[in-house]
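This report refers to the structure that appears directly beneath it.
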Amino acid sequence: MEAGRIRLSDHLSQQLAADQSIHRDLGRLIHDIATAVKEIALLTSQGALAGVLGNLSSQNVQGETQKKLDVLSDEILIQTFRSGNLVAGIASEENDNFVAFNSERAAFGSYVVLFDPLDGSSNIDVNVSIGTIFSVYRRVSPLGSPVTLDDMLQPGTEQVMAGYVLYGSSTMLVYSSGNGVNGFTLKPSTGEFCLSHANMRMPENGRLYAMNEGNIQECEQGLVRYIQYCQSRENQTGMPYSGRYIGSLVADFHRNLIKGGIYIYPSVPASPEGRLRLLYECNPLAFIAEQAGGLATTGRQRILDIVPAQLHQRVPYYVGSKLMVEKAMSFLG
Ligand code: FDP
């Protein structure tokens, strides 16, 4: 069918009819997320006119200055989940601790959602693509009780749904509930997400690499040699790969999902565990990558297998086309 004819709501009904294992509530949840991110997309598109650019005086738990739009997006998502009654609690990059919703109905919510409300914060003020990343787990604590830290600290293999929204030249919602990856583009004339990228597959190999190369002299030797390999004619293309680094993980990931490529944020002296957060960034995108045929590792271990020890845990991250991630790992030893 022609791209754009199938709305997100139609697609959800079809998926639920075709696959009885998908819980109906997940359909409602992705619908709630779609509603919330439309609000964020609107604020993003208005930029300075909405008065949402710039910093707040506050810092998040990681000591990073918070942007106004970061905090607004966080509030929009929390409010959406709080009022939807499907979610019993959330954890987000912008909050020190997880939030247990305390209404009686929320205590019977089956899910927890972990999210980065606005990824690529340093690009907010300069009109470069940014995104929202989310991850959904079935809670492990008993229904009817408040959620606990154990609900949040589940390995990525337990995700029942994950995805991201890219606020770019168009707004796209890409998600998976464990049965492939589909991408929807927001149609400005109707305000609806329409299926534009059905059954997305990440090319097995590629010729794009994304890394903040300003750090290269401080990286481990194996990675230095891999980047030299990317820049040489020794790779499968016989030509140097192209370096492409937007500096918004979501945008770099999305480009690589479509064109093939690798994104790397390694351990560096300033961030020995890497810079990216396991729960809000690495796990959801690893889930999407694997569902699309790609790979996500720390360079040595599959991301989805990591049992988190803390909410704001960081990990080194190698994600993208399967053969490229495997090749990078072979250099690390
Ligand atoms: P940001 O801090 O601007 O939100 O999530 C962290 C992240 O951006 C990624 O989106 C991005 O790829 C990376 O950090 C950029 O870090 P560097 O500035 O160190 O390259």
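Considering the convex hull of the alpha carbon atoms of region 105-247, report its projected area averaged over all viewing directions, in nm², one decimal. If you can, show how the numbers build up before the last one.
Values: hull surface 51.2 nm².
Averaged projected hull area, Cα only: 12.8 nm².
With every protein chain kept in the model, how would you rank ASP10, ASP252 by accessible area, 1.4 Å probe, largest at the top? Before the final figure, lay out each step's value.
On the way: ASP10 50, ASP252 0 Å².
Largest to smallest exposure gives the sequence ASP10, ASP252.
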> Along each of its three principal axes, how wide is the spread of alpha-carbon positions in the chain, in whole angstrom units, largest first?
Replying inline: 59, 47, 43
>> On a full-extension model of 0.36 nm per residue, what is the gain between GLU234 and LEU149, subtracting their alpha-carbon distance, rounded to one decimal in nm?
In response: 25.9 nm
> Label THR190 and GLU104 with points 7 Å out from Cα along Cα→Cβ: what is the distance between them in nm?
Replying inline: 4.0 nm
> How big is region 35-137 by the Kirkwood estimate over distinct Cα pairs, in Å?
Replying inline: 14.1 Å
> With every protein chain kept in the model, how would you rank LYS67, LYS259, LYS322 by accessible area, 1.4 Å probe, largest at the top?
Replying inline: LYS259, LYS322, LYS67
> What are the lysines whose alpha-carbon lies under 28 Å from the alpha-carbon of LYS187, with same-chain residues fewer than 8 places away excluded?
Replying inline: LYS38, LYS67, LYS68, LYS259
>> Can you give me the C-alpha center-to-center distance between region 260-333 and region 181-202, rounded to a whole angstrom?
In response: 26 Å
>> Given a 1.4 angstrom probe, what's the average accessible area per residue across region 1-159, in square angstrom?
In response: 46 Å²
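So for region 253-333, what percent of the C-alpha to C-alpha distances run longer than 14 Å?
Distances greater than 14 Å cover 57 percent of the Cα pairs.
Tell me the carbon and sulfur percent of the accessible area for the chain, rounded to whole percent, probe radius 1.4 Å.
Working: 6770 of 14000 Å².
Whole-percent figure for carbon plus sulfur exposure: 48.
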>> Taking 2.2 N^0.38 Å as the expected size of a compact globular protein, what ratio does the Cα radius of gyration of region 121-174 give against it, to two decimals?
In response: 1.56
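When ligands, DNA and RNA are left out and all protein chains stay put, how many square angstrom of accessible area per residue does region 226-292 have with a 1.4 Å probe? Present the calculation step by step, with values, prior to reporting the outcome.
Numbers: 2320 Å² over 67 residues.
Per residue, region 226-292 has 35 Å² of solvent-accessible surface.
Pairs of alpha-carbon atoms within less than 8 angstrom and 6+ residues apart define the contacts here; what relative contact order does the chain have, in percent? Present the calculation step by step, with values, prior to reporting the outcome.
Details: 724 pairs, mean separation 52.1, N = 333.
Contact order relative to length: 16 percent.
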> Can you pull the accessible area of GLU213 for me, 1.4 Å probe, Å² to the nearest 10?
Replying inline: 70 Å²
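May I have the convex hull volume per residue, in Å³, for the Cα set of region 290-331? Each step should come with its number before you reach the end.
Values: hull volume 3.0 nm³, N = 42.
Expressed per residue, the convex hull around the Cα atoms of region 290-331 is 71 Å³.
With each run of n ≥ 4 DSSP H residues scored as -39500 (n - 2.57), what mean residue ellipticity at 222 nm is computed for the chain after dividing by its residue count and rounding to the nearest 500 deg cm²/dmol?
Numbers: 9 runs with 100 residues, N = 333.
Rounded to the nearest 500, the figure is -9000 deg cm²/dmol.
The values are calculated or read from the model by the stated rules, or taken from the named source; none is laboratory data. Here the structure is a predicted model, which means the values were calculated and not measured. Note that each Cβ is placed from the backbone with ideal geometry, even for glycine, and that neighbours are counted across all protein chains shown. With ligands, DNA and RNA removed, areas are computed over all heavy atoms of the protein, side chains included. Shrake-Rupley method; radii C 1.70, N 1.55, O 1.52, S 1.80 Å.
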